[in-house]
Amino acid sequence: MAKITLSNLRHSYMPNPSGPDDYALKSIDLDWEDGGAYALLGPSGCGKSTLLNIISGLLVPSEGRILFDGRDVTDLPPDQRNIAQVFQFPVIYDTMTVRDNLAFPLRNRGVDEGRIAGRVAEIAAMLDVEAMLDVRAAHLSPDNKQKISMGRGLVRDDVNVVMFDEPLTVIDPHLKWKLRSKLKELHQRVRATMIYVTHDQTEALTFADQVVVMQDGEVVQIGTPVELFERPQHTFVGHFIGSPGMNILPASEDGGRIVFEGQTVPVEGAVTGTGGMTQLGIRPEFVTLADTGLPARVRKVSDVGRHAVVETVVGDTPVKAVVDHAEVEQGAEVHLAFRQDQTRLYRDGWLSTEASQ
Amino acid sequence: MSIELIDATKTVRGITHIKPTSLTLETGHFNVLLGQTGAGKTSLIKLMAGLDPLASGQIIMDGQDVSRLSTQKRNISLVHQFFVNYPHMTVFDNIASPLRVAGMAKSEIEGRVQEAADILQLAPMLARRPQELSGGQQQRCALARAIAKESRAVFLDEPLANLDYKLREELREQLPELFAGRGAVVVYATSEPEEALLLGGRTALMDDGVVTQFGRTAEIYRKPATLTAARVFSDPPINAAEITKTGTQARLATGVTWEVTGAAAGLADGVYTMAIRPHHVTPVQTDTQSVALNGVVQVTELSGSESSAHFQMGDDGWVSLAHGVHPYEVGEDHAFYMDPSKAFYFAPDGSLVA
């Protein structure tokens, strides 16, 4: 296993890129520590597949270097990088048994049969597929096929990194949580460097110790799941993580005050920086319906069972609140209270307040 | 508008896909078909759409028996999980195609396509071809075609399943507004309980080829008629365990006991299945009435603003779901607290008794 360093990476699919918008990856400097569980999280088109292809060697970056344990592999083809990959769709041989499928990556590299048998047994036990070792892969359900595909990715213990590219796409929603947590457990057992690429926050936050959030070819935050939820460094992280995401509200600065829809809103701590476009960020969980505060009108109440999502409008701006019980109806005039230590200011998208003491 | 199924069934090569099903779906709200993969949601939609023949029974649309009418003659729209557009046509022509087939005047076609494109924010892309669009835009194109057509019924078969979840969130919010006031009966199939709750309207729970319960979405969620219905309408899975009731006391096999209150107190002594939703089992004690469940944490998950823990207690697996981020260690002993007043009680035959 190896530490992976991405140094000054930039990539454009155009022959002569002129501005930042021509780059699919704008500027990436990242260290993936040996043995870490990482997720690369972002919407379609954010550059995460480009980054994955650069690490695996399918793509040579326009600029910058990739190092495995300090060794420059930028110009090495995929087969010389010694990595394992698990894809969206199961990659297995239908005519082979599960046992032979799991053994294949080892046989391919001339590992002796005794060691292969041991390693296959170990992986099969971790994945709970011992009972199906002699079944032909063609007879497996889609989720079991993908399990075997994962097993093939994990069976070699000499790879630099195991990469998962949206591995749960084809899995039935009711089975996803089992595989999500299985992967987490597997990482804790094998302690390989793993990179998990997904657009799904639950998959990313469940699997990874560190989540790298990407938007428009840039890394906007690297943090633990707790950090991403509790203190988004960028409005995009606030919006993308959490359902519903953070309320991002247009605000202005007036002296030391932050003004939203004509009302002063106290923020968590001292404001940093000046100028730029200012916005308030507060998660719906920290907005409550109160007797006083910002006057708002209720647009819609969605009862989600365990809580209710109240969609309101303050002036012309939609603001959502997540409450335990909604005792209001559509059209009602209400007041909103923002929890101060959870109300942050963002400047041009970036966090611009200090945490409360 | 309405669609009425009367003892409708479907068999394929002797195998029953839909058991006798009677159901009336109306306009004015979403009609959600909720069930796991294989429950029969798509089969039922295909029957209503006329894509598959009935084995027996009838389908009535707006008082007219359409049981033997072809799909074309039923005037319906269908949007699938996979984005189905004509690759060689522009977005405009894709949206216009059913209108042209219907022989509508050119000027009216233009007006309708423009309106649908405006609603779905596709106006700047009308001249492009589907493959030049993102997945979300492609699915919006398919939805625009359904809206422009002004059909009597619109069937949406897991239309958001292949989209990024943020996009899913946005479209899910917009969908009820898109179809509001259009007069069509909207039928929406999903396997996700949360989606059904967010869409509201009415929900038909499906299991093993039959509708097991139908009514207002929130009411069904609060009063599942059977243990199976409770299971279908819960994600993460609802906690269920056998209890023995003696007097006012309920006892789990592990020895945990509590005082039963409300309607449950009136039940005859005996063995029942108790079921409680994961969010009523929390990692911190919130009131003194709660019952402590001591388990071993097996699996933990984080979904942005909520964390769940799967834990083992005796022979049973349990799930807890709570707001915020709770740091659990897999393998640790952890106390969870259940609010027994939120439990459902089911008789041995699976029917709700309290």
- Query: Within the bounds of the stretch A:249-268, is there any residue that is touching a helix residue (DSSP H, G or I) at 6+ places or on another chain (Cβ under 9 Å) and of a type in the set (S, T, N, Q)?
  - Reply: no
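Has the stretch A:158-168 got at least one residue that is within 14 Å of chain B (Cβ to nearest Cβ), surrounded by 17 or more Cβ atoms within 10 Å (Cβ to Cβ), under 27 Å from B:Val319 (Cα atoms) and within 20 Å of the chain's Cα centre (by Cα)?
Initial filter on the stretch A:158-168 (within 14 Å of chain B (Cβ to nearest Cβ)): A:166, A:168.
Narrowing further to those that are surrounded by 17 or more Cβ atoms within 10 Å (Cβ to Cβ): A:166, A:168.
From what's left, under 27 Å from B:Val319 (Cα atoms): A:166, A:168.
Still in the list and also within 20 Å of the chain's Cα centre (by Cα): A:166, A:168.
Yes: one or more hits.
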- Mind checking which residues of the stretch A:200-211 are closer than 21 Å to A:Asn144 by Cβ, more than 8 Å from every other protein chain (Cβ to nearest Cβ) and of a type outside the set (A, V, I, L, M, F, W, C)? A:Glu203
- Is it true that B:Val325 is touching a strand residue (DSSP E or B) at 6+ places or on another chain (Cβ under 6 Å) and either part of a strand (DSSP E or B) or of a type in the set (Asp, Glu) (or both)? no
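Where residues in the stretch B:18-50 are part of a loop (DSSP other than H, G, I, E, B) and in contact with a helix residue (DSSP H, G or I) (Cβ under 6 Å, 6 or more places away or on another chain), which of them is surrounded by the most Cβ atoms within 10 Å (Cβ to Cβ)? Break it down into steps so the answer makes sense when it comes.
Start the filter on the stretch B:18-50 by keeping residues that are part of a loop (DSSP other than H, G, I, E, B), which leaves B:27-29, B:35-40, B:50.
Filter once more, so that each one left must be in contact with a helix residue (DSSP H, G or I) (Cβ under 6 Å, 6 or more places away or on another chain): B:35-36, B:50.
Details: B:Gly35: 25, B:Gln36: 16, B:Gly50: 21.
Per the criteria, the residue is B:Gly35.
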- Conditions: (1) within 14 Å of chain A (Cβ to nearest Cβ); (2) of a type outside the set (Phe, Trp, Tyr); (3) within 26 Å of B:Lys41 (Cα to Cα). B:Lys149 meets all but one. Number of the miss? (1)
- Note on the structure: Subset of the stretch B:156-207, residues of a type in the set (A, V, I, L, M) and at the interface with chain A (Cβ under 10 Å from one of its Cβ atoms), comes to B:Ala161, B:Leu163, B:Leu167, B:Ala196, B:Leu197, B:Leu198, B:Leu199
- Which members of the stretch B:293-305 meet the condition of being within 20 Å of A:Lys182 (Cβ to Cβ) and either of a type in the set (Phe, Trp, Tyr) or at the interface with another protein chain (Cβ under 9 Å from one of its Cβ atoms) (or both)? B:Gln298, B:Val299, B:Thr300, B:Glu301, B:Leu302, B:Ser303
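Can you name the residue in the stretch A:206-226 that is polar (S, T, N, Q) and in a strand (DSSP E or B) and, of all such residues, is nearest to A:Leu40 (Cα to Cα)? Break it down stepwise before answering.
Quick first cut of the stretch A:206-226, residues polar (S, T, N, Q) only: A:206, A:210, A:215, A:221, A:224.
Of the ones still in play, those that are also in a strand (DSSP E or B) are A:210, A:215, A:221.
Numbers: A:Gln210: 9, A:Gln215: 11, A:Gln221: 11 Å.
Here the residue is A:Gln210.
Listed here are the residues, each with its yes/no results for (1) touching a strand residue (DSSP E or B) at 6+ places or on another chain (Cβ under 8 Å); (2) within 14 Å of chain A (Cβ to nearest Cβ); (3) over 21 Å from B:Leu156 (Cβ atoms).
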residue	(1), (2), (3)
B:Gly28	no, no, no
B:Gly40	yes, no, no
B:Leu47	yes, no, no
B:Gly103	no, no, yes
B:Ser107	no, no, yes
B:Gln114	no, no, yes
- Message: Under 8 Å between Cβ atoms, which residue pairs at least 6 apart in sequence (or on different chains) link something in the stretch A:66-94 that is within 23 Å of A:Pro167 (Cα to Cα) and assigned by TED's automatic domain parsing to the domain that holds A:His139 with a partner that is loosely packed, with under 15 Cβ neighbours inside 10 Å and of a type in the set (Asp, Glu)?
- Response: A:Asn82/A:Asp158
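Take residues that are in contact (Cβ under 8 Å) with a residue 12 or more places away in the chain, under 20 Å from B:Leu227 (Cα atoms) and in contact with a Lys or Arg (Cβ under 7 Å, 6 or more places away or on another chain) and tell me which of the strands (runs of 3 or more DSSP E) falling wholly in the stretch B:237-318 contain 2 or more.
Numbers: elements: B:239-246, B:249-252, B:257-259, B:270-276, B:291-302, B:306-313.
Fully inside the stretch B:237-318 and qualifying: B:239-246, B:270-276.
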- Query: What's the number of the condition A:Gly256 fails, among (1) within 30 Å of A:Val159 (Cβ to Cβ); (2) away from every other protein chain (no Cβ under 12 Å); (3) at pLDDT below 90?
  - Reply: (1)
- Within the stretch A:185-199, track down each residue that is within 11 Å of chain B (Cβ to nearest Cβ) and either crowded, with 20+ Cβ neighbours inside 10 Å or touching a Lys or Arg at 6+ places or on another chain (Cβ under 7 Å) (or both). A:Thr198, A:His199
- Message: Which count do you get for residues in the stretch A:240-273 that are free of Cβ contacts under 8 Å to residues at least 40 places away in the same chain, loosely packed, with under 14 Cβ neighbours inside 10 Å and β-branched (Val, Ile, Thr)?
- Response: 1
- Query: So A:Asn108 fits all but one of (1) at pLDDT below 95; (2) within 30 Å of the chain's Cα centre (by Cα); what number is the exception?
  - Reply: (2)
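Pick out the one residue from A:Gly45, A:Gly19, A:Gly36 that is crowded, with 20+ Cβ neighbours inside 10 Å and not aromatic (Phe, Trp, Tyr). Spell out the reasoning first.
On the way: A:Gly45 fails: crowded, with 20+ Cβ neighbours inside 10 Å; A:Gly19 fails: crowded, with 20+ Cβ neighbours inside 10 Å.
Matching residue, one of A:Gly45, A:Gly19, A:Gly36: A:Gly36.
Modelled with pLDDT of 90 or more, within 30 Å of the chain's Cα centre (by Cα) and surrounded by 22 or more Cβ atoms within 10 Å (Cβ to Cβ), is that true of B:Leu163? Steps first, answer last, please.
Values: modelled with pLDDT of 90 or more: no; within 30 Å of the chain's Cα centre (by Cα): yes; surrounded by 22 or more Cβ atoms within 10 Å (Cβ to Cβ): yes.
Against the criterion (modelled with pLDDT of 90 or more, within 30 Å of the chain's Cα centre (by Cα) and surrounded by 22 or more Cβ atoms within 10 Å (Cβ to Cβ)), B:Leu163 does not qualify.
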- Item | Positions within the stretch B:328-354 being surrounded by fewer than 16 Cβ atoms within 10 Å (Cβ to Cβ), of a type outside the set (S, T, N, Q), more than 14 Å from every other protein chain (Cβ to nearest Cβ) and not in a loop (DSSP other than H, G, I, E, B), in sequence order | B:Asp333, B:Ala335
- Query: Can you name every residue in the stretch A:6-16 that is touching a residue at least 60 places away in the same chain (Cβ under 8 Å) and surrounded by fewer than 18 Cβ atoms within 10 Å (Cβ to Cβ)?
  - Reply: A:Ser7
- Given (1) assigned to a strand (DSSP E or B); (2) under 25 Å from the mean Cα position of the chain (by Cα); (3) among the hydrophobic types (A, V, I, L, M, F, W, C), A:Phe229 misses just (1)
- Query: Taking the stretch B:80-100 as the region of interest, how many residues are buried (at least 21 other Cβ atoms within 10 Å of the Cβ) and of a type in the set (Val, Ile, Thr)?
  - Reply: 2
- Query: For the stretch A:126-147, how many residues meet the condition of being surrounded by 11 or more Cβ atoms within 10 Å (Cβ to Cβ), part of a helix (DSSP H, G or I) and aliphatic (A, V, I, L, M)?
  - Reply: 5
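Do we have any residue at all in the stretch B:239-250 that's out of contact with any helix residue (DSSP H, G or I) (no Cβ under 6 Å at 6 or more places or on another chain), within 14 Å of chain A (Cβ to nearest Cβ), surrounded by fewer than 18 Cβ atoms within 10 Å (Cβ to Cβ) and of a type outside the set (Phe, Trp, Tyr)? Lay out the reasoning, then the answer.
Residues of the stretch B:239-250 out of contact with any helix residue (DSSP H, G or I) (no Cβ under 6 Å at 6 or more places or on another chain): B:239-247, B:249-250.
Checking which are within 14 Å of chain A (Cβ to nearest Cβ) leaves us with B:239.
Checking which are surrounded by fewer than 18 Cβ atoms within 10 Å (Cβ to Cβ) leaves us with none.
No - not one qualifying residue is present in the stretch B:239-250.
When you check B:Gln139 against the structure, is it polar (S, T, N, Q) and within 14 Å of chain A (Cβ to nearest Cβ), yes or no? Steps first, please.
Details: polar (S, T, N, Q): yes; within 14 Å of chain A (Cβ to nearest Cβ): yes.
The answer is yes for B:Gln139.
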- Item | Top-ranked residue in the stretch B:64-76 [being in contact (Cβ under 8 Å) with a residue 40 or more places away in the chain and not in a strand (DSSP E or B); ranked as farthest from B:Arg182 (Cα to Cα)] | B:Arg74
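If only one of A:Val301, A:Val226 is surrounded by fewer than 16 Cβ atoms within 10 Å (Cβ to Cβ), facing another protein chain (nearest Cβ under 10 Å) and at negative phi, which one is it? Write out each step before concluding.
Numbers: A:Val301 fails: surrounded by fewer than 16 Cβ atoms within 10 Å (Cβ to Cβ).
Every option except A:Val226 fails the conditions.
The values are calculated or read from the model by the stated rules, or taken from the named source; none is laboratory data. Everything quoted here is computed from the prediction, not taken from an experiment. Counting neighbours? That spans all protein chains shown, and the Cβs are built from the backbone with ideal geometry, glycine included.
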